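A quick write-up on the structure given underneath.
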Amino acid sequence: MPHAQFMKRLLPIPISITLASLFVAMWTAGCGSNSPTTQEASGQGEKQLTVGVAFETLQTEYWVAGFEAIKEQLAKRNIKVLEAIANSDSNRQFEQIQTFVTRGVDGIIMVPKDAKTCIPSIRAANSAGIPIVLFNRPAGESDAKSVAVQADNFKLSKETVAFMIEQARKTGTKHKAMVIMGDLGDINAIGRRDGFDAAVKGNEDLIEVVSRVPSEWNQEKAQAGVVNALQAHPDISFIFTSSDFLFPSIVSAMKTAGKYKKIGEPGHVILGGFDGDATAYQMMKDGYLDATGVQDVYFEAEATVQALLDLRGGKDVPTLIQDPGFVIHQGNMDEMTPKMWGANIRK
Amino acid sequence: MVKRLIQSEYLVLLLSAVYFAALAPFTPGFASTGNLANILSSMLPLLVVAMGQTFVLIAGGIDLSVTSTIALASVVGASVATGDQGILSGNSLATPGGILAMLLVGATVGSFNGAAITRFRMPPFIVTLTTMIFVSGFAVWLTQSKSIFNLPTTFTILGSNVWVALPLVAVATLVMHFALSRTLLGHWIYAIGHNKNAAEISGVPVRRVLLFTYIASGLCAAAASILYTGRLESASPVMGRNILLDLIGATVIGGTSLYGGKGKILWTVYGVLFLALIDNSLNLLNLSYFTIMMAKGAVIVMAATIDSVRNKLLNS
């Protein structure tokens, strides 16, 4: 091998060694530098806490409202916030939680993708002794310890659909119904579907469920499903959606089928939803929506932050804190609007 | 000096070290042992799938179906291994059976891609894009969009314990590195990427070699799926859906050419390292997901520009 060529081959070796040394040196220097992010508030001697807030998505108004409400609650208590959004990617969310642990946060608030994929993340927090509270989606059964704050999906859906059935009864005719379901891997979607079924049970003389549309929490899938269902059953006159965020798709399909009519107009389809977002508020104000089950985001945010602080303080906290929510409809709209988060963000 | 630096194949490794050194003092926890383990843990599955992509890219192709292969392998393997009415539930063969099923999925998808591209001379972009859509839909249909849990510990440990995964990935990396750089097959892959027609005239079995690269890519995606599934202790029909940018980005940043004929497994290792460092540091700096995506996009464009400049310098 010619000398020059031999040297050329050898040349990268010192570079690699230098780089490897630099890396090792940095690693060594870094060991032990994993200091907690808790800071001394200037002159006060009080420690400022840092909380990591990891949301699976900010795709819907509900999540945005929840995210903002939690940040507001933390700011009120002078707690520093680290934010992370996983864009519906469980793997990324796991890495984000690991990052929070690395930064030594004082607590973690998390909206997981589903009940099970979050378990390794909860375990990571448990191992580091960091309290973790799950907002709106509880974890499945496991040895990992967490607290969850969640709307009572079953009860609230049942109450909402029961109100819709009352309206249906007033019409004096039998109704064909459609229910738009969420992602059935999500415990919230299951609770809402079960609430719908429980309300319909015993009222089969009045409500015949002819279509169950699986949306997987996806607007396009919801729209395609509703279009198909309305083609197959043009006489559907009762629709419940498991989330208000699907209303734009549902309304679009209803308009195409000529079925989007105001309450009191001939051909009005009894419409109900869940969440209480801004679209639902506007539809209710305009007289198209009969009722929606409102999750009390402000209650949930406050309960989440309080639970986290209680866990830090070593207090006993129930593993599930339920938000009872409320049903808003044309009859109580004026009274309940101030508590409806969707009405507030519309302002 | 600058010219030499740009031409150096260690440029990305050097950039990684400089980036690390520059950000460590300002980024809380960046250089801590725990965080370096985190970086390693997030690198491993991406590296495995990127190595398969490197084979395909060097041969002048592209495999967009790897993300859906990861998802399908994940749910098929978990259906076999899960304790919740899995095919081998409670059997001591649940883990090997699940892994075998996953690798079989990878090989099948890769074979289909390779066969369609070589037999019917269809463009790799269209074939693998279509496969991605089909396989992705199939994974969702198969599971009715539900995740699968309760996997055996012997399975999940492969992805959840970085010290178990590291030696396995290291061996795979060395094998693929030597296959590409020291074997006749490797030379054929480069030859096809440089000029497919010339390679064919020279007696290179182009069809078989191309088929091999797509099967290798499918197998790598399945192997990455084992790591991702183990890491999350659950299988999902949407697993890996968001890694395409990271995957192509890491190989391009490493220096593998999108036009074929150029690339190395070691370069891909550097590319994955650089991307993992960026991702991790920006997370630690509390930047939003969307800002991180923009930063990554900018880095990939920069890498492509440097690649272009480097090619011009080498040709001048």
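Measuring only protein heavy atoms, the 1.4 Å probe finds residue B:163 accessible over about 150 Å².
Quick check for you: with a 1.4 Å probe and neighbouring chains kept, what is the accessible area per residue of the protein assembly as shown, in Å²?
42 Å²
If R0 is 56 Å, the Cβ-Cβ spacing of residue A:170 and residue A:127 corresponds to a FRET efficiency of close to 0.45. With 20 Å² as the minimum drop in accessible area between chain alone and full protein complex (1.4 Å probe), the qualifying residues in the range B:279-302 are B:279, B:283, B:284, B:286, B:289, B:290. Just in the range A:147-198: which trypsin sites (Lys or Arg not before Pro) are loop by DSSP and have at most 15 other Cβ atoms within 10 Å? Sites meeting the loop and neighbour criteria: A:174.
Listed by chain and number, the lysines whose C-alpha is less than 29 Å from the C-alpha of residue B:262, apart from same-chain residues fewer than 8 away, are A:8, B:3, B:196, B:296, B:312. Residues of the range B:209-256 that bury at least 50 Å² of accessible area once all protein chains are present, compared with their chain alone (1.4 Å probe, heavy atoms only, ligands and nucleic acids left out), are B:231, B:232, B:233, B:242. Among the protein heavy atoms of chain A, carbon and sulfur supply 53% of the accessible surface, probe 1.4 Å, non-protein parts ignored. So the label point goes 7 Å from the Cα of residue B:5 along Cα→C-beta, right? Which residues of the range B:296-314 then have their backbone N under 16 Å from it? Counting backbone N atoms under 16 Å from the label point, the list is B:303, B:306-307, B:309-310. Each Cα pair of the range B:2-315 feeds into the Kirkwood radius, which the Stokes-Einstein equation turns, at 10 °C and 1.306 mPa s, into a diffusion coefficient of 80 µm²/s.
Cβ-Cβ distance of residue A:315 and residue A:231, R₀ of 60 Å, FRET efficiency by 1/(1 + (r/R0)^6): the value works out to about 0.60.
For the peptides B:178-185, A:108-115, residues were scored by their other Cβ atoms within 10 Å and the scores averaged per peptide; the highest-first order is A:108-115, B:178-185.
Ordered from largest to smallest accessible area (heavy atoms of protein chains, 1.4 Å probe), the residues B:118, B:130 come out as B:130, B:118. Packing, as the average of other Cβ atoms within 10 Å across residues, places the peptides A:223-236, A:116-129 in the order A:116-129, A:223-236, highest first. Between B:290, B:212, B:274, the residue with the greatest mean-square fluctuation in the GNM of chain B (Cα pairs under 10 Å linked by springs) is B:290. Over the C-alpha trace of the protein assembly as shown, radius of gyration and Dmax come out as 27.6, 99 angstrom. Counting, for every residue in A:221-233, the Cβ atoms of other protein chains within 10 Å of its Cβ and taking the mean gives 0. Put simply, chains B and A cover up around 3700 Å² of each other's accessible surface, both sides summed, when a 1.4 Å probe is used. Per residue of peptide A:99-108, the mean number of Cβ atoms on other chains within 10 Å of the residue Cβ is 5.
Does any residue of the range B:133-155 lose at least 30 Å² of accessible area with all protein chains in place compared with its chain alone, and if so which ones (probe 1.4 Å)? Hits at the 30 Å² cut-off: B:145, B:146, B:149. Dipole orientation for the range A:155-200: of the candidates A:187, A:157, A:177, A:177 has the Cα lying most toward the positive pole (charges on Cβ; Lys, Arg +1; Asp, Glu -1).
The residue A:59 and residue B:174 beta-carbon pair, evaluated with R₀ = 45 Å, returns a calculated FRET efficiency of approximately 0.60.
Where does each of B:62-75, B:254-267 land if you order them by average Cβ count within 10 Å, highest first? Kindly include the intermediate steps, with their values, before the conclusion.
Details: B:62-75: 29.4, B:254-267: 20.6.
The peptides rank, most packed first, as B:62-75, B:254-267.
Loop-located trypsin sites (Lys or Arg not before Pro) in the range B:107-155 (DSSP state other than H, G, I, E, B) with a sparse environment of at most 15 neighbouring Cβ atoms within 10 Å: B:121.
Taking GluC sites (Glu not before Pro) as exposed when DSSP calls them loop and at most 12 other C-beta atoms lie within 10 angstrom, chain A has its longest site-free stretch at A:205-347. Only protein atoms count toward the accessible area here, which uses a 1.4 Å probe; on the range B:2-315, the carbon and sulfur part of that area reaches 70 percent.
The values are calculated or read from the model by the stated rules, or taken from the named source; none is laboratory data. Note that this is a predicted model, so its numbers are computed, not measured. With ideal geometry, Cβ positions are generated from the backbone for all residues, glycine too; neighbour counts draw on all protein chains shown. Accessible surface areas use protein heavy atoms only, side chains included; no ligands, DNA or RNA. Shrake-Rupley method; radii C 1.70, N 1.55, O 1.52, S 1.80 Å.
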